[in-house]
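What follows is one structure encoded as structure tokens, with my remarks underneath.
The values are calculated or read from the model by the stated rules, or taken from the named source; none is laboratory data. Bear in mind the structure is a predicted one, so any value in this text is a computation, not a measurement. We place every Cβ from the backbone using ideal geometry, glycine too, and count neighbours over all the protein chains shown.
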Amino acid sequence: MGSKRVLWWGRFDPGYSRNRVYISLFKKLGWEVDFFFVKVWPRFGDVEAFLRGLQFRAKPDLVWVPVARQRDVLAACRWSHRRGIPVIFDPMISAWDKKVLEQLKWKAEEPRAKKLLVREKKMMAAPDIVCWDTSCHVDFCAQYLDVPRERLRVLLTGTDESVFKPTSTMPDSPPFRVLYHGAYLPLHGTEYIVEAARMTQDEGIQWDFLGWGAYKAATEAKAAGIKNITFLEKVPYVEVPKVIAAHDVVLGVFGTTAKAARVIGNKVYECMACCRPTINEFCTGYPPEAKDCKAIKFVPPGDAKAIADAVRAYRDDWANRDSYFAAARDFFEKHLSMAVIEKQLAGIVGELVH
């Protein structure tokens, strides 16, 4: 019998970090990975699949709808379930959550918000299994989107360990160097990082920002005149580990939205893979051992002083920085690594495909 085949379905970017991780893990588990890239109209991707002759390709054992492809999932399920093929959806975000709870653009009682919620519930009800990056998102999906818990699974995000790994590069010292890298989104709370930097202007602490996104200009405006903040030039994806390694501590998520309390940011996986400790607001989706890890300091959401104090606490014990670097990598290997996520993925797909 040949190897099992998974068909990735939708209008998605295979180079996106979470997709890269799972594609590589499917291959490591011995699966053949095929792709059907929807080109015209995701809602009718099953019609497009017929017109493009997908039915004449080797039949997959599983269809995977990747990150944030709500628009693809119903068509993928129609096509798959007609053929007796199970579907796993990896949404990672909820459009209703983003509009109503995170961005606060719509009120839950508005007709358009209610309509979006009905539509998203329908989308989430279609796949055989829905995977989320944390147990907090599983709870959210069960509570707000009405998906039965027996069809919900946790699948950690992970990171590309061929890119994010220990290096021999060390940060210059002094000053003590702190890095924020990633997208400028409300859930990340970059405004609180700026305020924390303002509080430490005369303390030998340098705060660097590397990233992009809708709120970057607003963050730069808030940082105007603060002498210990630098906005770094964008670098290629494969160069990000070098930037991480040139810093002592890497910052995570600090926003006050409900979603911020449900995530483990990509930057946390990336910095700990590169042996750098982190500061983050607490999320119950972290492994329980995180509370005892010396390379993670948890702070309340939206608390600039707490961020500044956590940075100071690292700095004041930085004679022992090698122990923090080792603790970060050790925690990553035991709880956040590809080896851990490979076991999660194997268990999930094994429930549907024997």
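Would you tally the residues in the stretch 272-289 being among the small types (Gly, Ala, Ser) and at pLDDT below 95? First the steps, then the outcome.
First, pick out the residues of the stretch 272-289 that are among the small types (Gly, Ala, Ser): 273, 285.
In the following step, the residues that additionally are at pLDDT below 95 were identified as 285.
Qualifying residue count for the region: 1.
Just to be sure I understand, how many residues within the stretch 114-149 are touching a Lys or Arg at 6+ places or on another chain (Cβ under 7 Å), in a loop (DSSP other than H, G, I, E, B) and within 19 Å of residue 285 (Cα to Cα)?
The total comes to 2.
Scanning the stretch 22-50 for residues that are β-branched (Val, Ile, Thr) and in a helix (DSSP H, G or I), which turns out nearest to the chain's Cα centre (by Cα)?
23
Answer yes if at least one residue in the stretch 53-68 is over 18 Å from the mean Cα position of the chain (by Cα), in a helix (DSSP H, G or I), surrounded by 19 or more Cβ atoms within 10 Å (Cβ to Cβ) and at pLDDT 95 or above, and no otherwise.
No, because not a single residue in the stretch 53-68 is over 18 Å from the mean Cα position of the chain (by Cα), in a helix (DSSP H, G or I), surrounded by 19 or more Cβ atoms within 10 Å (Cβ to Cβ) and at pLDDT 95 or above.
So residue 348 passes all but one of these: (1) under 18 Å from the mean Cα position of the chain (by Cα); (2) not assigned by TED's automatic domain parsing to the domain that holds residue 204. Which condition number does it fail?
(1)
Of the residues that make up the stretch 247-265, is at least one modelled with pLDDT under 95 and either surrounded by fewer than 18 Cβ atoms within 10 Å (Cβ to Cβ) or not assigned by TED's automatic domain parsing to the domain that holds residue 207 (or both)?
Checking the stretch 247-265: at least one residue is modelled with pLDDT under 95 and either surrounded by fewer than 18 Cβ atoms within 10 Å (Cβ to Cβ) or not assigned by TED's automatic domain parsing to the domain that holds residue 207 (or both).
Just to check your reading of the model, which residue among 89, 44 is crowded, with 23+ Cβ neighbours inside 10 Å and either modelled with pLDDT of 95 or more or among the hydrophobic types (A, V, I, L, M, F, W, C) (or both)?
Residue meeting the stated conditions: 89.
Taking only the stretch 197-246 into account, find how many residues are among the aromatic types (Phe, Trp, Tyr) and surrounded by fewer than 16 Cβ atoms within 10 Å (Cβ to Cβ).
Here the count works out to 3.
Being without any contact (Cβ under 8 Å) to a residue 60 or more places away in the chain, more than 22 Å from residue 21 (Cβ to Cβ), surrounded by 20 or more Cβ atoms within 10 Å (Cβ to Cβ) and not assigned by TED's automatic domain parsing to the domain that holds residue 61 narrows it down to one of 310, 319, 295, 327, so name that one. Walk me through how you get there before you give the answer.
Working: 319 fails: surrounded by 20 or more Cβ atoms within 10 Å (Cβ to Cβ); 295 fails: more than 22 Å from residue 21 (Cβ to Cβ); 327 fails: surrounded by 20 or more Cβ atoms within 10 Å (Cβ to Cβ).
Of 310, 319, 295, 327, the one residue that is without any contact (Cβ under 8 Å) to a residue 60 or more places away in the chain, more than 22 Å from residue 21 (Cβ to Cβ), surrounded by 20 or more Cβ atoms within 10 Å (Cβ to Cβ) and not assigned by TED's automatic domain parsing to the domain that holds residue 61 is 310.
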